[in-house]
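*Asks:* Below is a structure I'd like to ask you about.
The values are calculated or read from the model by the stated rules, or taken from the named source; none is laboratory data. All values reported here derive from a predicted model rather than from experimental measurement. Positions of Cβ are backbone-derived with ideal geometry, glycine not excepted, and every protein chain shown enters the neighbour counts. We work out accessible area using only protein heavy atoms, side chains counted, and drop any ligands, DNA or RNA first. Shrake-Rupley method; radii C 1.70, N 1.55, O 1.52, S 1.80 Å.
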Amino acid sequence: MNHFAHPEMLWLLALPFMFRWLMPKTGKNQDAALRIPFLRDIEIISAENAKNNSFNFKKNAFFTPAFFFLLLVWGLLSVAAARPQHIGEAQKLPGLSRDILLVADISNSMLEPDFTYQGRRIDRLTAVKKTASDFIKKRADDRIGLILFGTRAYLQSPITFDKKSVEEILWNTDAGMAGNSTSIGDALGLALKTLRSVPDKENKVIILMTDGENNDGSISIAQVIRLAKEEKVKIYTIGVGSDVSSAMSIFGINIGRASGLDEQSLSEIAEATKGTYFRAKDTGALEQIYAEIDRLEAARSDEQYIRETTELFWLPLIGAVLLSGIFIRYLRRK
């Protein structure tokens, strides 16, 4: 679709005719008139054009080929001043994007096989990988990052739109790669530091997944809460695993022991940062948790569109310059 940005400038097309109509006619007695040499030259040129050209209007010497030539140049300049534009097809803008940082516990305790998927037993880390991967795929307009932690925390993927790479890194993760203990404070501290480099102060979310308690590292839970409040980052915490673990055995017989999950600290973190604490005891619950987070952090529903605008004023402008050059060259040859 083509249109003019300033159609009112097209009134300039009538300006030469208005000046001709408004200018007073010269009387027969011109003795008192100011004589300017180059005006005499223009008279001679006009007379020669009128004599040698079929476009000779005897009644009005104003309408000469030179006049029409200059009128064409003026018309092109007027069209350029009106700024012709080409408007492209409407393109849908992406929804309101969020920066979501997944912080996953990969300590050895995540190998506990107390989850079930499609009728078979799987460990906690595999369940986290599957549900987190599905969550990543659904966040079409968001940027995702990934931090893995155990004894130490490592930024595996900065905040990015390349969700496929984040998924690949997550699926290639093995338990114990970052150590056997659990440094929740250090992991969240690294997450907050990573999000601090993002200029937007809103729409920053951390999703923490762990099955333990903060038993290592240099940053306490209280420090994490204070930093998260200062940075205005919302933290969702997910406690992973059943209430008991079957990791202990006596004479080859497994006996249950209480889970080491620190639900109180996870609840405090979520509540203080305006997030939510979830408990995932099985795969179904973990899937529901991600669905709930997806609902709580929904993308903007109102659709916005943009049209690409291409300026075309340079076309008539170039035409006017070229015609002016031809006209000047023609006058010099005369």
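*Asks:* Starting from the Cα gyration tensor of segment 126-242, multiply each eigenvalue by 5, take the square root, and state the resulting semi-axes largest first in whole Å.
*Replies:* Those come to 20, 20, 12 Å.
*Asks:* Moving on. Which FRET efficiency, nearest 0.05, do Phe161 and Phe4 yield, Cβ-Cβ r, R0 51 Å?
*Replies:* 0.85
*Asks:* If you don't mind, there's one more thing I want to ask. Rank these by accessible area, largest first, 1.4 Å probe: Leu125, Leu312, Leu155.
*Replies:* Greatest to least solvent exposure: Leu155, Leu312, Leu125.
*Asks:* Still on this structure, please answer the following. Can you run phi through the Karplus equation (6.51, -1.76, 1.60; θ = phi - 60°) for segment 235-241 and list ³J(HN,Hα) in whole Hz, with x for Gly and Pro?
*Replies:* 10, 9, 10, 10, x, 9, x
*Asks:* Determine the order of Thr126, Thr273 by accessible area, beginning with the largest, at a probe radius of 1.4 Å.
*Replies:* Correct descending sequence by accessible area is Thr126, Thr273.
*Asks:* Any chance you could run the full-extension gain for Trp21 through Arg121? It's 0.36 nm times the residue separation minus the Cα-Cα distance, nm to one decimal.
*Replies:* 26.5 nm
*Asks:* Continuing with this model, one more query. Figure the gain on full extension for Ala291 and Ser133 (residue separation times 0.36 nm, minus the Cα-Cα span) and round it to one decimal in nm.
*Replies:* 55.6 nm is the gain from fully extending Ala291 to Ser133.
*Asks:* Taking amide hydrogens as modeled 1.01 Å from N in the peptide plane, which residues meet the under 5 Å criterion relative to Leu101, leaving out close sequence neighbours?
*Replies:* Here Gly145, Val205, Ile206, Ile207 satisfy the definition.
*Asks:* On alpha carbon coordinates alone, what is the Rg over Rh value for segment 73-159, Rh being the Kirkwood radius?
*Replies:* Rounded to two decimals, Rg/Rh equals 1.46.
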